[in-house]
1. Kindly indicate whether any position in segment 78-100 is charged (D, E, K, R) and over 23 Å from residue 284 (Cα atoms).
2. Identify all residues within segment 70-86 that are of a type in the set (Gly, Ala, Ser) and touching a Lys or Arg at 6+ places or on another chain (Cβ under 9 Å); write none if there are none.
3. Which pairs do you get when a residue that is outside the structural domain of residue 89 (by TED's automatic domain parsing), found in segment 11-23, comes within reach of a residue that is part of a loop (DSSP other than H, G, I, E, B), reach meaning Cβ atoms under 9 angstrom, with the pair 6+ apart or on two chains?
4. Quick one: how many residues across segment 59-97 are acidic (Asp, Glu) and at pLDDT below 95?
5. Answer with yes or no whether residue 36 is more than 23 Å from residue 290 (Cα to Cα), surrounded by fewer than 18 Cβ atoms within 10 Å (Cβ to Cβ) and modelled with pLDDT of 95 or more.
6. Looking at segment 145-185, which of the residues that are at pLDDT 95 or above and part of a loop (DSSP other than H, G, I, E, B) is farthest from residue 220 (Cα to Cα)?
7. Looking for something without any contact (Cβ under 8 Å) to a residue 60 or more places away in the chain, of a type outside the set (D, E, K, R), surrounded by 16 or more Cβ atoms within 10 Å (Cβ to Cβ) and outside any helix (DSSP H, G or I) - is there at least one such residue anywhere in segment 205-218?
8. Would you be able to tell me the number of residues in segment 1-33 that are assigned to a strand (DSSP E or B), over 22 Å from the mean Cα position of the chain (by Cα) and either of a type outside the set (D, E, K, R) or crowded, with 24+ Cβ neighbours inside 10 Å (or both)?
Amino acid sequence: MTTAKFDIVVLPGDGIGPEITAPSVRLVEEAGRQFGLDFRFEFVEAGAELYARSGVAFPEENFQRAAAADAIYLCAMGLPHIRYPDGTEVGPQHDLRKRLKLYAGVRPCKTMPGVPLPLADPRAQKLDFVIIRESTEGLFAFPRGHELDSDEYAHNLLRISKTVCDKLFDFSFRLARRRHQQGTGQNLVTHIDKANVLSSQHRARQWFYEAAKRYPDVKAAHQYVDFCAFDMVRKPWVLDVMPTENQYGDILSDLASALMGGMGMAPSADVGDDNAVFQPCHGTAPDIMGQGKANPTAMILSGAMMLEYLGDRKNVPAAYQGAAKLTKAVEAAYAKGDLLPCELGGSCGTKAILDAIGRELTR
């Protein structure tokens, strides 16, 4: 068996991050080992606690090490009581998105068997759709104020570009096509916007349909963001791949995580032309830090997404196999019906969840 080697920088972050990162890394490593993959994991410090100690949230040397890696495996960063002078929370993950131009925020909504879900309809028990959040522009382009700010007015400029939109839309159409080829989804890309109110969104919709012409085999549609939120509660099983503006994607992906049971079940990726970051959607949860209650599922599934990315990026089929094995191990562990995380009202903490998934992985 030929061994493929990957360099992965790991950023454990703050709060519950260190508690769930190291054991999740071991599961990812085991999934890869079973298919001949060789990893070099390098743990690098960044985050709010580092900022509180040193005044620097993400040292340049650490950033450069992350940028040079094959992938970045990141847990949550930031703590509510540690903030920049302007009042915003410390979040170096945002610096990664911007500096590495990680324009495609991949936020899958895939439900797990055996998990209590908020919608009773049987079709809502087997969801599988993806929000593609543009992660470098939009309303978050200028998060810390604007030159027009005054004592009376505060501004955040919503800015988008055709260049980034084109990349986002190409990514979305290719993803819908690949999902369809794998027997998932409806071969459909739906642009989520507010084109009836905002001129920037009208332009984005025009650019979307220009991109759609490059993928005649994939269906294209559009929907207003408020009506999309409505459908996510009313009939989420009709959804497939949905590219959208930064803040819209931020809000909709949180709604999608609720459909999965909670933030602890929701993985994510931020992908650019040359780099990618994989992290759970949840925060640092300082209220349960050190109590052994943190749910590592989203972190583990983010690791599976990382393996898929490496398989695609490096043309290593074994990485796809490792990703599939790890994902199936998570699904099998939950399918038994006796694994319920604390955040979902159960009594299963970090160790119980890790042990259950680990047993399925090595079965």
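1. The answer is no, given that none of the residues of segment 78-100 is charged (D, E, K, R) and over 23 Å from residue 284 (Cα atoms).
2. Within segment 70-86, 71 is the sole residue that qualifies.
3. Correct list of pairs: empty, since none qualify.
4. Selection size over segment 59-97: 3.
5. yes
6. 152
7. yes
8. Qualifying residue count, segment 1-33: 1.
The values are calculated or read from the model by the stated rules, or taken from the named source; none is laboratory data. Computed from a predicted model, the values in this text were never measured in an experiment. Cβ coordinates were reconstructed from backbone atoms using ideal geometry, including for glycine residues, and neighbour counts include every protein chain displayed.
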